[in-house]
Amino acid sequence: MIKQTLTAFSLLALSTVAHATPELLAPTELEYGQFELVETVEITGNINDSLLILVDDSLKHKSSDFYVIEDITEDTSEETLTVTVNLYNLPDNELADDFQVS
């Protein structure tokens, strides 16, 4: 029983890591790393929605490492919020360098 429970938790943890949403990155951090632009996404939602929840929900299935919010606009007549987001990845060699054991 314990073995089955541990196996289930392990599979759950692995599936969570595989479908992790990109992390928010400050625009100034782009200057200090080698980031590759993957794509630009425009997200539209209700003006009353939480900005972070709207962005996180919209980026759930994107396969990038980080995102940067480029622009936020509101249309009060339509009650919409539009967020422009750039998605970035770290180069594969930079990820490998971070995990090397000395």
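Any read-out appearing in this document is the output of simple, stated calculations on the displayed coordinates, not a laboratory observation. All of these numbers come straight from a predicted model, not from anything done at the bench.
Shown in residue order for the stretch 50-61 are the 3J(HN,Hα) couplings computed by the Karplus curve 6.51 cos²θ - 1.76 cosθ + 1.60 at θ = phi - 60°: 5, 4, 5, 5, 4, 5, 4, 5, 6, 9, 3, 9 Hz (x for Gly and Pro).
Over the Cα atoms of the stretch 21-98, each weighted equally, I'd like the Debye log10 I(q)/I(0) at q = 0.25 Å⁻¹, rounded to two decimals. Values returned for q = 0.25 Å⁻¹ are -1.16. Overall dimensions of the stretch 30-70, expressed as equivalent-ellipsoid semi-axes from the Cα gyration tensor (√(5λ), whole Å, largest first), are 22, 11, 9.
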